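This report concerns only the one structure given below.
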Amino acid sequence: MARFAAGVVVVTTLGDDGVPRGFTASSFCSVSMHPPLILVCLANSADSHAAFTSCENFAVSVLGPEHRPLAEQFATKGADKFASPGLSLTPAGLPAAAGALAELDCRTHARHPAGDHTILIGRVSGARLGQDTATPMVYYDRSFRLLA
């Protein structure tokens, strides 16, 4: 699967204790237009896994190349992921990547166990688009890349 290029997102929520939690993912896609559903896959071993097993809402930030440090920070186990200055808040009060290509507000629709991951399905309740000329960041062959 390392030979399949995929977009990169950061997914965030607030834990039951009110502490922000999040992770970087390349397993993200649209599921349905009516209703608007997306899915993202989260490793069961992730630091933030427990928060996402009970959250009602989460945010998805679609990243561009300028977000690489943020993507790496959110992909690092044990890192202080919210120490970055590159974050903003969504209208719902969830952390998001400042200047993201797109920002999605999601209400948890379903969770499905899948091997060593959990498939989190969200119903999109709001969306904000970044610049039309922005370039997406992709993950390919175990590295962040740019589209040429």
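A few notes on this one:
Listed here are the residues, each with its yes/no results for (1) within 18 Å of R123 (Cα to Cα); (2) part of a strand (DSSP E or B); (3) in contact with a strand residue (DSSP E or B) (Cβ under 8 Å, 6 or more places away or on another chain).
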{"position": "M1", "(1), (2), (3)": "no, no, no"}
{"position": "V11", "(1), (2), (3)": "yes, yes, yes"}
{"position": "H34", "(1), (2), (3)": "yes, no, no"}
{"position": "L70", "(1), (2), (3)": "no, no, yes"}
{"position": "F82", "(1), (2), (3)": "no, no, yes"}
{"position": "L104", "(1), (2), (3)": "yes, yes, yes"}
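- Residue match in region 103-116 (condition: out of contact with any His (no Cβ under 8 Å at 6 or more places or on another chain), open to solvent by 30 Å² or more (accessible area, probe 1.4 Å) and at positive phi): yes
- Residues satisfying the stated conditions in region 15-32, i.e. open to solvent by 70 Å² or more (accessible area, probe 1.4 Å), part of a strand (DSSP E or B) and farther than 15 Å from L104 by Cα: R21
- Scan of region 117-148 for residues that are in contact with a helix residue (DSSP H, G or I) (Cβ under 8 Å, 6 or more places away or on another chain) and open to solvent by 70 Å² or more (accessible area, probe 1.4 Å), ordered by number: L146
- Within region 47-61, the only residue that satisfies the criterion of being in a loop (DSSP other than H, G, I, E, B), out of contact with any Gly (no Cβ under 7 Å at 6 or more places or on another chain) and crowded, with 20+ Cβ neighbours inside 10 Å is C55.
- One residue stands out among those in region 62-96 that are more than 19 Å from A134 (Cβ to Cβ) and of a type in the set (K, R): the one that is most open to solvent (accessible area, probe 1.4 Å), which is K77.
- For region 36-46, filtered to residues that are farther than 13 Å from H109 by Cα and assigned to a loop (DSSP other than H, G, I, E, B), the residue that is least open to solvent (accessible area, probe 1.4 Å) is A46.
The values are calculated or read from the model by the stated rules, or taken from the named source; none is laboratory data. All values reported here derive from a predicted model rather than from experimental measurement. Glycine gets a Cβ as well: all are built from the backbone with ideal geometry, and neighbour counts include every protein chain shown. Side chains are part of the model used for accessible areas, which takes the heavy atoms of the whole protein and leaves out ligands, DNA and RNA. Shrake-Rupley method; radii C 1.70, N 1.55, O 1.52, S 1.80 Å.
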